[in-house]
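Trainee: One structure follows; several queries about it will come next.
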Amino acid sequence: MTLPAECGHLAAELRRLRRRTGLSLVDLGRRTPYSKSSWERYLNGKQQPPRQAVEVLCAVAREHPGRLLALWELADLVWSGRAVPASPGTVPVPVPTSAPGAAPAAAGPAVTGPAVTGPAPAPAPAAERAPVPGGRRRRLVLSGSVLGGVLLVLTAGLLLSRESGPRQAGDPGPAERMIRNPGCAGAGCAGKDPVRMGCGGAGMVTALRTDTGPGGRQLELRYGALCEAVWVRASGLRPGDRVELIVPGVADPQEVRAGDLDVGKYVATPMVPALRGTAGIRSCVTPGEPAAEARVCFG
């Protein structure tokens, strides 16, 4: 089966992001809400991925999801059957017209395309039928579904670019909330994985503090404005290391332990809602075996 161009382009971009993460399909299945077999179908164009799967992969790869979501919109039109990709024989071509006073042009071979049923369209107004400068004009026909999809993508981009009013860093506007659809917000994010919930995408996070612990281990305290939650993202960990997030007013700390597969990768604690602000939050790391060291906290 020949994959439509829109679907093939989306699948190729998803494969590029997967290579950037360095994760195998097994790792993706473990770190996201989608299974290994689902990712295999999405990345090879066998099945249209859910919109949130694209957002989650962008978050894991630390890439802004805007361009990938625009590709997803176009591919979804094809997968849903609301649009039929044009075949090579139906690509619009320049139509020569006779210049005033010139002899009629010789008739060339007819350009064929898909049959059109229904009443014939009304003749275009004279102003539209007039040749454009240079003696050539182009005919472009878009189905309503394709045009609607293109307008949706352009409108979303326009809303993002024209949002008015002062905003603090990391504070999402209404258009951003509409396009980026994380899986939780506020109290609903308590104890959940920020990557799986789509809370850690590029442009969605404010780094409140970054600290370096023993052995070059780094702890970044992050605030996701869309999800209204905080978590710690750690890197440079060794197997057995324990990372904690301690929030005033929350009885138990959120913690994560690094395993063999986490070496050289980012590891995140579960989230805590930041309903009371971010003051007094601490991040801690306890190095594991074989060179166990004392627990170190920051903040």
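The values are calculated or read from the model by the stated rules, or taken from the named source; none is laboratory data. These numbers come from a predicted model, not from an experiment. With ideal geometry, Cβ positions are generated from the backbone for all residues, glycine too; neighbour counts draw on all protein chains shown.
Trainee: Just give me the residues in region 53-71 being under 8 Å from the mean Cα position of the chain (by Cα), within 27 Å of Val263 (Cα to Cα) and either in a loop (DSSP other than H, G, I, E, B) or touching a residue at least 60 places away in the same chain (Cβ under 8 Å) (or both), in sequence order.
Mentor: Hits for region 53-71 are Glu55, Val56, Cys58, Ala59, Glu63, His64, Pro65.
Trainee: Also, quick follow-up: Name the single residue, out of those in region 32-44 being buried (at least 19 other Cβ atoms within 10 Å of the Cβ) and at pLDDT below 90, that is nearest to Ala11 (Cα to Cα).
Mentor: By that ranking, first place goes to Tyr34.
Trainee: For Leu23, indicate whether it is in contact (Cβ under 8 Å) with a residue 24 or more places away in the chain and part of a loop (DSSP other than H, G, I, E, B).
Mentor: Yes.
Trainee: What number of residues within region 1-12 satisfy the criterion of being of a type outside the set (A, V, I, L, M), assigned to a helix (DSSP H, G or I) and buried (at least 17 other Cβ atoms within 10 Å of the Cβ)?
Mentor: Of the residues in region 1-12, 2 are of a type outside the set (A, V, I, L, M), assigned to a helix (DSSP H, G or I) and buried (at least 17 other Cβ atoms within 10 Å of the Cβ).
Trainee: Could I ask something else about it? Tell me, yes or no, whether region 203-225 has at least one residue that is at pLDDT 90 or above and within 15 Å of Arg31 (Cα to Cα).
Mentor: no
Trainee: Tally the residues that are surrounded by fewer than 14 Cβ atoms within 10 Å (Cβ to Cβ), not β-branched (Val, Ile, Thr) and not in a loop (DSSP other than H, G, I, E, B), restricting the search to region 184-213.
Mentor: The number of residues fulfilling the criteria is 3.
Trainee: Let me ask something else. Identify, from the list Glu244, Glu293, the residue that is in contact with a strand residue (DSSP E or B) (Cβ under 7 Å, 6 or more places away or on another chain) and surrounded by fewer than 21 Cβ atoms within 10 Å (Cβ to Cβ).
Mentor: Sole residue among the options that is in contact with a strand residue (DSSP E or B) (Cβ under 7 Å, 6 or more places away or on another chain) and surrounded by fewer than 21 Cβ atoms within 10 Å (Cβ to Cβ): Glu244.
Trainee: Let me ask something additional. When region 245-299 is examined, which residues are found to be at pLDDT 90 or above, hydroxyl-bearing (Ser, Thr, Tyr) and either within 24 Å of Cys189 (Cα to Cα) or not assigned by TED's automatic domain parsing to the domain that holds Arg217 (or both)?
Mentor: Listed by number, the residues that qualify are Thr269, Ser283.
Trainee: Further, regarding this structure: Scanning for something out of contact with any Leu (no Cβ under 8 Å at 6 or more places or on another chain) and under 18 Å from Leu261 (Cβ atoms), does region 34-45 turn up at least one residue?
Mentor: yes
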